[in-house]
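Please read the structure below before turning to the comments.
The values are calculated or read from the model by the stated rules, or taken from the named source; none is laboratory data. What you are looking at is a predicted structure, and each value in this text was computed from that prediction instead of being measured. Don't worry about glycine lacking a Cβ; one is built from the backbone with ideal geometry, like all the others, and counts go over all protein chains shown. To get the accessible areas, we keep the full protein, side chains included, count just its heavy atoms, and leave off ligands, DNA and RNA. Shrake-Rupley method; radii C 1.70, N 1.55, O 1.52, S 1.80 Å.
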Amino acid sequence: MKRIIAIDQSTSSTKAMLFDEQCRLLKRSNVDHRQYYPKTGWVEHDAEEIYQNMIVAIRQLVGDRVSASLADSSGTIYSLAITNQRETAVVWNKQTGKPIANAVVWQDTRGAELCRQLRSDEATTKMVMEKSGLLIDPNFSASGVKWLLDNVPGARSQAQDGQLLMGTIDTWLIWKLTKGRSFYTDTTNASRTMLFNIHTMTWDDDLLELFQIPRNMLPEVLPCDAVYGETTVEDIFSEPISIAGVLGDSHGALVGQMCFAAGQGKVTYGTGSSVMVNIGESPLPAPQGLVTSVAFSAFGKHFYGYEGNIYSTGATLKWLADQMKMVNHPADIEAEATTVPDNGGVYIIPAFSGLGAPWWQSHVHGAVFGLTFATTRAHFLRASLESIAYQVKDLVDVMTRATGSALQEICADGGPTKNAFLMQFQADLLSTPVVCTEVEDASAMGAVIMNGFALKMWATIDEVIPLRKVTQNISPRESDYTIPLYNEWRHYVAQLIK
């Protein structure tokens, strides 16, 4: 009997989930971590806290002590898979194992000025896009790492002397779990750093030189369906278990939604949102406003995807609850938002960390339009939900223009998929069915699938496709009512990005 522990290390929390060989979720635990906002536009995480929270989450899942690592008393064989928030970068001392500073989160905009300067040179912009598939933007890891090396006392010289390591969260967790024996990342996380060449599938000398990051800081890159090492998880297991199957969260959701064929796409509704479409085995140039990333690597092949990233979707709902105190919990928003028949003319542009794809305007701040004395809290909450759907449509429209055909369906995952109003409004706005699957956490499902490929549980992709179970297929209703709403949204966005 095999059991896979899937770690989903997201922007707001660390989840540990236990799956069986049929990809059925058996048990889960969740531990939130603190968000740090030391300056306007800065967003940080404590990497040590994240690691400790992962240990706590696993302990909550399996207990304090499992008698044997390969098989416990019931004959269960355990392994560990990881999916993670992407782009968030950690720099640490390889001797002490301590980060030199808090992790720079993907939402952080401290690298915005550097990115603006680099974008002013057309040749540099073209080079970065051609090699990495990415636009020059602080969303990606490189500018944040450069900032740490330039601003943390002694960091630059330590890096040049080979004392420092850097990685995305997956690399940090693997290094910690293996007591420094494994220093790896996977192709999907690497492709989001702005330092990785998606054609040669290697760290790129020109990109490293551009951001002044020494090559010796970087981990070895493996495919998603590889074995990354062994761990006892701080002695929870009496003998080591395999770490196998690693990929970034949005890529995990693409795999978890079984989007293995070119032209299949998904939307992940998380802290931010990712719209990703599988484009096959060629890293085609992305249309304006989108990027090309490694979608996943398995069975000796690399698959690519067009992607657009929205910075604030679930984060907007969390802000309404935690900061604005409009509701006790994000799950409470739908009930009040649906007490009014429309948004009352209110539009919210949730650019808390700038606007992501397809606008890529990191300097823009959030705004609210259309407030009157008639505006109620319900209107404000409804407008916040609608802002999520508008941002997704912004991206889907760019993708459908690039491919020349409408998507047949959108596979959706993430906590906000439980919001019936949002899902129906999204389907109406896109005039496209929205399909939700049995497992809310599709990113974790993707990690489980890659774990199974790595450990030979499944020999082909075709063997896992039947495991996808659809729970909701939300058909679009007459959508004429959404056209003026969306046009108004675009009008207000245009005012901000002038």
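List of remarks:
- Condition check for residue 90: modelled with pLDDT of 95 or more, within 25 Å of residue 223 (Cα to Cα) and either part of a helix (DSSP H, G or I) or open to solvent by 50 Å² or more (accessible area, probe 1.4 Å) (or both): no
- So residue 412, is it surrounded by 20 or more Cβ atoms within 10 Å (Cβ to Cβ) and of a type in the set (A, V, I, L, M, F, W, C): yes
- Unmet criterion (only one of (1) more than 23 Å from residue 484 (Cα to Cα); (2) of a type in the set (A, V, I, L, M); (3) touching a strand residue (DSSP E or B) at 6+ places or on another chain (Cβ under 9 Å); (4) in a loop (DSSP other than H, G, I, E, B)) for residue 412: (4)
- Hey, residue 407 assigned to a loop (DSSP other than H, G, I, E, B) and under 27 Å from residue 343 (Cβ atoms) or not: yes
- One residue stands out among those in the range 306-338 that are more than 22 Å from the chain's Cα centre (by Cα) and β-branched (Val, Ile, Thr): the one that is farthest from residue 272 (Cα to Cα), which is 338.
- Note on the range 455-498: residues that are closer than 17 Å to residue 256 by Cβ, of a type in the set (Val, Ile, Thr) and open to solvent by less than 40 Å² (accessible area, probe 1.4 Å) total 2.
- Under the condition of being out of contact with any Lys or Arg (no Cβ under 8 Å at 6 or more places or on another chain), part of a helix (DSSP H, G or I), of a type outside the set (Lys, Arg) and open to solvent by 40 Å² or more (accessible area, probe 1.4 Å), the residues counted in the range 143-196 number 4.
- When each of 297, 282, 274, 312 is tested for being part of a strand (DSSP E or B) and either under 20 Å from residue 412 (Cα atoms) or open to solvent by 10 Å² or more (accessible area, probe 1.4 Å) (or both), the lone residue that passes is 274.
For (1) part of a loop (DSSP other than H, G, I, E, B); (2) of a type outside the set (S, T, N, Q); (3) in contact with a Lys or Arg (Cβ under 9 Å, 6 or more places away or on another chain); (4) open to solvent by less than 10 Å² (accessible area, probe 1.4 Å), each residue gets a yes or a no:
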| position | (1), (2), (3), (4) |
| --- | --- |
| 400 | no, no, no, no |
| 416 | no, yes, no, no |
| 421 | no, yes, yes, no |
| 424 | no, no, yes, no |
| 428 | no, yes, yes, yes |
| 453 | no, yes, no, yes |
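- Being on the phi > 0 side of the Ramachandran plot, small (Gly, Ala, Ser) and surrounded by 20 or more Cβ atoms within 10 Å (Cβ to Cβ) holds for only one residue in 245, 256, 265, and it is 245.
- Among residues of the range 21-38, those that are assigned to a loop (DSSP other than H, G, I, E, B), exposed (fewer than 15 other Cβ atoms within 10 Å of the Cβ) and within 21 Å of the chain's Cα centre (by Cα), counted: 2
- In the range 315-366, residue surrounded by the fewest Cβ atoms within 10 Å (Cβ to Cβ) [restricted to those that are of a type in the set (Val, Ile, Thr) and assigned to a loop (DSSP other than H, G, I, E, B)]: 339
- Looking across the range 206-220 at every residue that is closer than 17 Å to residue 140 by Cα and of a type in the set (Asp, Glu), the one that is surrounded by the most Cβ atoms within 10 Å (Cβ to Cβ) is identified as 206.
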